[in-house]
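Here the structure is laid out as structure tokens; the discussion comes afterwards.
The values are calculated or read from the model by the stated rules, or taken from the named source; none is laboratory data. Keep in mind the model is a prediction, meaning the values are calculated, not measured. We place every Cβ from the backbone using ideal geometry, glycine too, and count neighbours over all the protein chains shown. The protein model used for the area step is the full one, side chains on, heavy atoms only, and it has no ligands, DNA or RNA in it. Shrake-Rupley method; radii C 1.70, N 1.55, O 1.52, S 1.80 Å.
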Amino acid sequence: MSEDRPVVHSIIEISMDPNRTTAFVSFTRPENGGIDISVDKIMAALNEKNISFGVLKEAITKAVERKLYNENICVARWEAPEDGIDGEIRYFYKPEQNAAPVENEYGIVDYKNLGLVRNITKGTPIATISFPTDGKPGTDITGRVVLQKKGVPVKLNIGVGTSLVNDGAEIIASVDGNLSFKNGAFCVDETLIINGDVDISSGNIDFIGSVTVKGSVFEGFRVTSKKDINVFGSVNNAELYADGNITIKIGSINSSIECRGDAKFGYCENSNVKCKGNVESSSFVGGNVFAGKKIIASGKGVMLGGKYTALDGVEASVIGSDKYVKTELTLGNNAILSEERDNLEKSIIQMEGEIEQLTKIIDTLAEFAKVGKLSPERENMKTVSVRSRIKMQSEIKKNKARIEEINKDLELMQNVSVSAKRMIYPGVRLRINSSILVLKNIENNVKAIVDKGEIIFVPLR
């Protein structure tokens, strides 16, 4: 007789991790006719453990059908929370700025352009900002809510000359200026300050705002500004251009100065100056100076040598010198027009002489053509000569029409004058409107004006 074996039913064991994110089930094999596992029994076991969320019924069914005894089978899984995304700032420019020669598209390196200035115009985007997101909470396998980590806003520093716009989504330049990175923020400075000299250490300066140079501007370098330029030192064999005013505290030597406003120098020597406003200096020596308004020699008030053109007048203390240094003063729009007319007349005379020579060439070649066919070289010479003559005849016609316009404009005289508080020396050439006078005698404390078509001197009050 066989021995009776005990009946063993399938036993279910449920386990879950401490954070209640997953649950596993394992079940034993029944023996000796014991009751086998079932889906309902597993579901009941999960319910006893309060596991109600994320139950994987398909996995339970497969485990039962395949009789996966003594295996750990995942039967519940939580829904993890979605953490929010932190806010972020994305810059369009690099914070660091290294001075290095700029290479152009052809591979040529400009050692006078070190890229120290980053011009930026008002309204230009500097950075974009993304906002943080809240994310989404999760649920553990017992149905409890699991809170997510919300995104953190980006820390912002709004520098001088910049603005936060578009509901805080963008940083832009609020002024025209130089873009720099200071104290953790981009800034836009309307004035560019060069603490030393403009030389090989700084390179050329081309700035959208005002420029202040604490030192001097040296030979071969250039400073350009869309506003004003102020130089505490001197400008030597250099170039300055400004849409506003230019001030050079010490002075300018052998330089080119141009602005649309006023220009003021400590002294001005052998420089080419062109300004739409007033030009003022304690002394002018040589050079070529043009002022859309007045030329003013203040302080010492010396104007010695060179050519000076002013549309509104000249004020000085001493003009010329006892050495009879050639000093030319041209005043008024009419004087400018008279000078233009003189140049046009000289040009007409020159072209008429050239036309005469071309006509002789054309006539000679025409005579040759009567005898026999011209060679290709002579035929080409004839064609070129005819074209040149037609071109010059057209230019002469245009110049004569311009001269007629100038003559009409010259009928309108301007009330301009030259004032000399101390004296004007012989050798000075005055042109006021269409009148010309070369001084032969010293004149003291006088004002030169035009009266009845002639330049005369009247006492300066």
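Restricting the search to segment 5-59, which residues are under 60 Å from the mean Cα position of the chain (by Cα) and either farther than 26 Å from Glu79 by Cβ or open to solvent by 40 Å² or more (accessible area, probe 1.4 Å) (or both)?
Asn19
Could you tell me how many of the residues in segment 20-34 are within 27 Å of Arg144 (Cα to Cα) and either of a type in the set (Ser, Thr, Tyr) or not in a strand (DSSP E or B) (or both)?
Count: 4.
What pairs can you find where one residue is in segment 14-26 and within 23 Å of Val64 (Cα to Cα), the other is crowded, with 17+ Cβ neighbours inside 10 Å and hydroxyl-bearing (Ser, Thr, Tyr), and their Cβ atoms are less than 7 Å apart, with a gap of 6+ or different chains?
Met16/Thr22
Suppose we filter segment 167-188 for residues that are assigned to a strand (DSSP E or B), at pLDDT 90 or above and charged (D, E, K, R); how many remain?
1
Within segment 274-301, can you find the residues that are in contact with a Phe, Trp or Tyr (Cβ under 9 Å, 6 or more places away or on another chain) and open to solvent by less than 40 Å² (accessible area, probe 1.4 Å)?
If the condition is that a residue be in contact with a Phe, Trp or Tyr (Cβ under 9 Å, 6 or more places away or on another chain) and open to solvent by less than 40 Å² (accessible area, probe 1.4 Å), then Cys275, Val279, Ser281, Ser282, Ser283, Phe284, Gly287, Val289, Ala291, Ile295, Ala297 are the ones that fit.
Going through Asp110, Asp134 one at a time, which residue ends up being more than 26 Å from Phe221 (Cβ to Cβ), among the charged types (D, E, K, R) and either surrounded by 12 or more Cβ atoms within 10 Å (Cβ to Cβ) or modelled with pLDDT under 85 (or both)?
Of the residues listed, the single one that is more than 26 Å from Phe221 (Cβ to Cβ), among the charged types (D, E, K, R) and either surrounded by 12 or more Cβ atoms within 10 Å (Cβ to Cβ) or modelled with pLDDT under 85 (or both) is Asp134.
From Val450, Val384, which residue is open to solvent by less than 70 Å² (accessible area, probe 1.4 Å) and not in a loop (DSSP other than H, G, I, E, B)?
Val450
Going through Leu240, Leu192, Leu164 one at a time, which residue ends up being open to solvent by less than 40 Å² (accessible area, probe 1.4 Å), under 29 Å from Arg90 (Cα atoms) and either in a strand (DSSP E or B) or not aromatic (Phe, Trp, Tyr) (or both)?
Details: Leu240 fails: under 29 Å from Arg90 (Cα atoms); Leu164 fails: open to solvent by less than 40 Å² (accessible area, probe 1.4 Å).
After ruling out the rest, the residue left standing is Leu192.
When residues of segment 214-228 are filtered for being of a type outside the set (Phe, Trp, Tyr) and more than 14 Å from Asn195 (Cα to Cα), how many remain? Quick ask: steps written out before the conclusion?
Keep residues of segment 214-228 that are of a type outside the set (Phe, Trp, Tyr), which gives 214-217, 219-220, 222-228.
So of that shortlist, the ones also more than 14 Å from Asn195 (Cα to Cα) come out as 219-220, 222-228.
Result for segment 214-228: 9.
Considering each of Ile349, Ile361 in turn, give the residue that is more than 16 Å from Leu430 (Cβ to Cβ), open to solvent by 50 Å² or more (accessible area, probe 1.4 Å) and within 49 Å of the chain's Cα centre (by Cα). Talk me through it step by step, then tell me what you get.
Details: Ile361 fails: within 49 Å of the chain's Cα centre (by Cα).
Matching residue, one of Ile349, Ile361: Ile349.
Among the numbered criteria (1) open to solvent by less than 90 Å² (accessible area, probe 1.4 Å); (2) within 30 Å of Tyr308 (Cα to Cα), which one does Ala369 miss?
Ala369 satisfies all of (1) open to solvent by less than 90 Å² (accessible area, probe 1.4 Å); (2) within 30 Å of Tyr308 (Cα to Cα) except (2).
Please work out if Gly203 is in contact (Cβ under 8 Å) with a residue 40 or more places away in the chain, buried (at least 21 other Cβ atoms within 10 Å of the Cβ) and part of a loop (DSSP other than H, G, I, E, B).
So Gly203 fits the description; yes.
When you go through (1) within 30 Å of Thr121 (Cα to Cα); (2) more than 24 Å from the chain's Cα centre (by Cα); (3) open to solvent by less than 10 Å² (accessible area, probe 1.4 Å) one by one for Ser271, which number turns out not to apply?
Ser271 satisfies all of (1) within 30 Å of Thr121 (Cα to Cα); (2) more than 24 Å from the chain's Cα centre (by Cα); (3) open to solvent by less than 10 Å² (accessible area, probe 1.4 Å) except (1).
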